[in-house]
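Visitor: Structure incoming, see below.
The values are calculated or read from the model by the stated rules, or taken from the named source; none is laboratory data. Every value quoted in this text rests on a predicted model; they were computed, and no experiment measured them. With ideal geometry, Cβ positions are generated from the backbone for all residues, glycine too; neighbour counts draw on all protein chains shown. Quick note on the areas: whole protein, heavy atoms, side chains included, nothing else; ligands and nucleic acids left out. Shrake-Rupley method; radii C 1.70, N 1.55, O 1.52, S 1.80 Å.
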Amino acid sequence: MNTLPFVFYVIASVIYAVHFISRNSIAGRIATVMLVSGALAHTFVIGMQYVQVEHIPFAGTTGAISVFVWLLALAYLYTEMTTEERSMGIFIVPLMTVLQIIPTITNNISEPPAVLDSPWFAIHVSSLLFAYASFALACVISITYVLLFKELKTKHLGIFYARLPSLQVLDVMNGRAITVGWFFLTLGLSVGFVWLTQI
């Protein structure tokens, strides 16, 4: 069931690489379409798994990784579409693709223990996973920021200067990813506290 999202993510990774190397705007748009298609397919898979087991499928490691990849795709698409900058896809989408290998191979859904069978648990974990996905995105953006800054500081302009957006755009992308991450981290911890008082 997880094969279709994985295939879309692989195709998107390849086309994002083509876009990064050639800076071809058509390739960039196709890459975005492939990633959106992968995210939609992934949404369908998670929805089907929810119907199958009647809870959001992240009780086990495999399910948690699958949901994390899905949320990372959504976080990246939000950042890409709000900044209209696709060059970061070469760093983010292959990471998602590698992580998605695990749910694609195992493809099993774990039943949660009875103590975790609560709507509070679903909100708590999904919020924290989205926060982690946003922080992972911010981490990758920060690394590319440092690499580009190093090239500019040493005045040895190379591939990062030629392919990455400006430091200002990277700063905006990083700020948005961190803002979303902090919001969902706060939400997840708050819901977790409320849930704990009701156990």
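Visitor: Filter the range 80-96 for residues that are more than 10 Å from the chain's Cα centre (by Cα) and either without any contact (Cβ under 8 Å) to a residue 60 or more places away in the chain or open to solvent by less than 50 Å² (accessible area, probe 1.4 Å) (or both) and give the result.
Guide: Scanning the range 80-96 gives Glu80, Met81, Thr83, Glu84, Glu85, Ser87, Met88, Gly89, Ile90, Phe91, Pro94.
Visitor: Which of the residues belonging to the range 109-128 are open to solvent by less than 80 Å² (accessible area, probe 1.4 Å) and modelled with pLDDT under 90?
Guide: Across the range 109-128, the qualifying residues are Ile109, Ser110, Pro112, Pro113, Leu116, Ser118, Phe121, Ala122, Ile123, His124, Val125, Ser126.
Visitor: When the residues of the range 141-186 are narrowed to those that are β-branched (Val, Ile, Thr) and over 21 Å from Ser126 (Cα atoms), which ends up surrounded by the most Cβ atoms within 10 Å (Cβ to Cβ)?
Guide: Once the filter is applied, the top-ranked residue is Ile141.
Visitor: Does any residue of the range 50-58 turn out to be part of a loop (DSSP other than H, G, I, E, B), in contact with a Pro (Cβ under 8 Å, 6 or more places away or on another chain) and open to solvent by 10 Å² or more (accessible area, probe 1.4 Å)?
Guide: yes
Visitor: From (1) open to solvent by 50 Å² or more (accessible area, probe 1.4 Å); (2) under 26 Å from Ile21 (Cβ atoms); (3) of a type outside the set (S, T, N, Q), pick out the condition that doesn't hold for Ile105.
Guide: (2) is the only condition that Ile105 fails.
Visitor: Additional query: Residues in the range 153-169 that are part of a helix (DSSP H, G or I) and touching a residue at least 60 places away in the same chain (Cβ under 8 Å): how many?
Guide: 2
Visitor: Cβ-Cβ distance below 7 Å, separation of 6 or more or different chains: which pairs start in the range 134-152 with a residue that is among the charged types (D, E, K, R) and end on one that is crowded, with 16+ Cβ neighbours inside 10 Å?
Guide: That search, which allows pairs on different chains as well, returns Glu151/Phe160.
Visitor: Next up: With the requirement that a residue be open to solvent by 30 Å² or more (accessible area, probe 1.4 Å) and assigned to a helix (DSSP H, G or I), what does the range 18-36 give you?
Guide: The answer is Val18, Ile21, Ser22, Ser25, Ile26, Arg29, Ile30, Val33, Met34, Val36.
Visitor: Taking the condition in a helix (DSSP H, G or I) and more than 23 Å from Val14 (Cα to Cα), does Val191 pass? Don't jump to the end; show me each part of the working.
Guide: On the way: in a helix (DSSP H, G or I): yes; more than 23 Å from Val14 (Cα to Cα): yes.
Yes, satisfied.
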